[in-house]
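The values are calculated or read from the model by the stated rules, or taken from the named source; none is laboratory data. This one's a predicted model, so the numbers in the text were calculated from it and none came from an experiment. Ideal geometry is used to build each Cβ from the backbone, glycine not excepted, and the neighbour counts take in all protein chains shown.
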Amino acid sequence: MYHFIQKFHSGWAYIALLLLVVAVVNSFIGMSSQKEFTAKDRKIALFGLIATHIQLLVGLILYFVSPLGSESFGLMKDAALRLTSLEHPLTNIVAIVLITIGWSKHKKAENSVSKFKSIAILYGLGLLLILSRIPWNLWF
């Protein structure tokens, strides 16, 4: 079961990152071109939000069934172990909180530029945090 969840978490990451990149790029384009925020733009941002939340849920399950999870806190001198057991989960939780705040702020915004700006900035910060803590050596 552990290996299935691990493979799913790794595979779903491609989908989540792709949807997040599309949402951020779409928002920057919408913000810079002063276009109207449409249902299509909302769906793009929503799909990015849903994909990252699914990734978080699977990641949390993986964390608690993994031998690299909470049992490795005594071994924080090992950089690779620290990345997978502490830095990656905590940073990605912060990133997904930022993405969720971006979604909430866009819903409260009055005009299209503000909607695009909320998504572009907060989803973009979340994307950068996620990319900064991916364990690249384990992923490829």
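Give the range 1-15 a look and list any residue that's without any contact (Cβ under 8 Å) to a residue 40 or more places away in the chain and either farther than 17 Å from Gly126 by Cα or not in a helix (DSSP H, G or I) (or both), or say none. Steps first, answer last, please.
First, the residues of the range 1-15 that are without any contact (Cβ under 8 Å) to a residue 40 or more places away in the chain: 3-4, 7, 11, 14-15.
Passing the criteria: His3, Phe4, Lys7, Gly11.
Scanning the range 82-93 for residues that are in a helix (DSSP H, G or I), over 23 Å from Met1 (Cα atoms), modelled with pLDDT under 80 and among the basic types (Lys, Arg) turns up at least one hit. The C-beta contact set for the range 88-100 (first residue of a type in the set (Val, Ile, Thr), second residue in a helix (DSSP H, G or I) and surrounded by fewer than 16 Cβ atoms within 10 Å (Cβ to Cβ), distance under 8 angstrom, 6+ apart or interchain) comprises Thr91/Ser132; Ile96/His53; Thr100/His53.
Given the options Lys105, Lys115, name the one that is more than 9 Å from the chain's Cα centre (by Cα), surrounded by fewer than 23 Cβ atoms within 10 Å (Cβ to Cβ) and of a type outside the set (Gly, Ala, Ser). I'd like the intermediate steps shown before the answer.
On the way: Lys115 fails: surrounded by fewer than 23 Cβ atoms within 10 Å (Cβ to Cβ).
On inspection, the qualifying residue turns out to be Lys105.
Between Leu18, Leu57, which is at pLDDT 95 or above, closer than 30 Å to Val113 by Cβ and assigned to a helix (DSSP H, G or I)?
Values: Leu57 fails: closer than 30 Å to Val113 by Cβ.
Going through Leu18, Leu57 in turn, the sole match is Leu18.
In the range 22-41, what residues are surrounded by fewer than 19 Cβ atoms within 10 Å (Cβ to Cβ) and in contact (Cβ under 8 Å) with a residue 60 or more places away in the chain? Within the range 22-41, Phe28, Gln34, Lys35, Glu36 meet the criteria.
Yes/no per residue for (1) closer than 17 Å to Tyr63 by Cβ; (2) at pLDDT 95 or above; (3) of a type in the set (A, V, I, L, M):
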| position | (1), (2), (3) |
| --- | --- |
| Ala80 | yes, no, yes |
| Val97 | yes, yes, yes |
| Gly102 | no, yes, no |
| Ala120 | no, yes, yes |
| Tyr123 | no, yes, no |
| Leu127 | no, yes, yes |
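Counting the residues of the range 21-54 that are of a type in the set (D, E, K, R) and outside any helix (DSSP H, G or I) gives 2.
Scan the range 1-21 residue by residue and report those that are hydrophobic (A, V, I, L, M, F, W, C) and either closer than 14 Å to Leu56 by Cα or buried (at least 16 other Cβ atoms within 10 Å of the Cβ) (or both).
So the first thing to find is which residues in the range 1-21 are hydrophobic (A, V, I, L, M, F, W, C), and the list is 1, 4-5, 8, 12-13, 15-21.
Within the range 1-21, Ile5, Phe8, Trp12, Ala13, Ile15, Ala16, Leu17, Leu19, Leu20 qualify.
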